[in-house]
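**Q** I am attaching a structure below and will ask some questions about it afterwards.
The values are calculated or read from the model by the stated rules, or taken from the named source; none is laboratory data. Not measured: the values here are computed from a predicted model. Counting neighbours? That spans all protein chains shown, and the Cβs are built from the backbone with ideal geometry, glycine included. Please note that ligands, DNA and RNA were not included when accessible areas were found on the heavy atoms of the full protein model with its side chains. Shrake-Rupley method; radii C 1.70, N 1.55, O 1.52, S 1.80 Å.
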Amino acid sequence: MIYKSRSESAELLILDSLNKRMSLTEKDKQHYLVLRKGYEGEVLFDSMTEKLECDCLILNDLLLRINHTIFQIDALMITFDTMYLFEVKNYEGDFYYEDDKLYLANKTEVTNPINQLRRSETLLRQLLQSLGDHTPIQGKVIFINPEFTLFQAPLNKPFILPTQVNRFLKRINSNPSKLNRKHRILAEKLTSLHLTESPYQQLPSYSYDDVQKGIICDRCQSFEVFVEGKRCICGDCGGEEKLSEALLRTIEVFKLLFPERKINTNEFYNWCNEVVSKERIRRFLRKNLNMVGIHQWAFFE
Ligand SMILES: [Zn+2]
């Protein structure tokens, strides 16, 4: 069962919003697309592990620290006698393996995920030992994309290729052993050690003036949205949404991008590109956020 679920990182959410609201540099855009693709691969793997019926605890997306060193785990699976550590890669296309290196078909070398896997394994082992646990760890690189091919794939490496993932999980699923209290305590401990703020975030610098204001259509990402009664209608695709829902989404993006800015009626009115009346903005904020202070100094949290 899924003990800790995965959600999009703040970094990915911010890049996602910035990508819609400003033009990213080629480098930032590339970084965003790599993160997005990686996340989609992880979600695909989650959709397979969540179907497992054997007694196991799955902890998705852990950021842990041991002796001032931080490491990230895509997915960890606690079974009766083994802890599986998964590094999930959503690589797509033809690759080949040579002298412990991984290359694209055009001979460009890409990061060999084994190095990352080994590092995480070592650090996890140290962390478990510090918690008095000595469960053996099995690290695997999961190549999840069905369009991934690895030529000259070595037999002695911990790779699970796309055509093997199902069988690999089936084998784990056939383990009849039941977990006990010790396993659950360990899962709880590891989850409690999860760090929420990643030190690896690579975000472009941006300011309030850089980003496009407005409500974005949930269906087609257009800014051509207008309000009619209690609904928000997209002038491009005709999609309709409850105004209250569109405003909630829009304020979440505002808080995510500008956590230091105080929210008041004028500010949010401006953020919505003035397509919603101030009176409605005021009512929305009163209903959904907490007001701090009074009169013209009031703001919302
Ligand atoms: Zn639309």
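**Q** Is it true that Glu188 is more than 27 Å from Arg36 (Cα to Cα), charged (D, E, K, R), not in a strand (DSSP E or B) and not assigned by TED's automatic domain parsing to the domain that holds Tyr32?
**A** no
**Q** A further question on this structure: Being over 18 Å from Phe86 (Cα atoms) and either without any contact (Cβ under 8 Å) to a residue 24 or more places away in the chain or away from the ligand (no atom under 16 Å from the Cβ) (or both) is the requirement here; does Phe151 meet it?
**A** For Phe151, the condition - over 18 Å from Phe86 (Cα atoms) and either without any contact (Cβ under 8 Å) to a residue 24 or more places away in the chain or away from the ligand (no atom under 16 Å from the Cβ) (or both) - is met.
**Q** Checking Ile216 against (1) more than 25 Å from Phe71 (Cβ to Cβ); (2) hydrophobic (A, V, I, L, M, F, W, C); (3) open to solvent by 40 Å² or more (accessible area, probe 1.4 Å), only one condition comes out false. Which one?
**A** Of everything listed in (1) more than 25 Å from Phe71 (Cβ to Cβ); (2) hydrophobic (A, V, I, L, M, F, W, C); (3) open to solvent by 40 Å² or more (accessible area, probe 1.4 Å), Ile216 misses just condition (3).
**Q** Let me ask something else. Kindly indicate the residue of the range 185-209 that is of a type outside the set (Gly, Ala, Ser) and open to solvent by 100 Å² or more (accessible area, probe 1.4 Å) and also nearest to the ligand (Cβ to nearest atom) among those meeting that condition.
**A** Restricting to residues being of a type outside the set (Gly, Ala, Ser) and open to solvent by 100 Å² or more (accessible area, probe 1.4 Å), the top hit is Asp209.
**Q** With more than 19 Å from Gly38 (Cβ to Cβ) and out of contact with any Ser or Thr (no Cβ under 9 Å at 6 or more places or on another chain) as the only criterion, which of Pro154, Pro199 stands out?
**A** Only one candidate passes the filter, namely Pro154.
**Q** Among the numbered criteria (1) of a type outside the set (Val, Ile, Thr); (2) part of a strand (DSSP E or B); (3) within 27 Å of Arg181 (Cβ to Cβ), which one does Tyr103 miss?
**A** (3)
**Q** Can you find, within the range 210-219, the residue that is farthest from the ligand (Cβ to nearest atom) among those that are closer than 16 Å to Leu24 by Cβ and out of contact with any Phe, Trp or Tyr (no Cβ under 7 Å at 6 or more places or on another chain)?
**A** Only one residue tops the list, namely Asp210.
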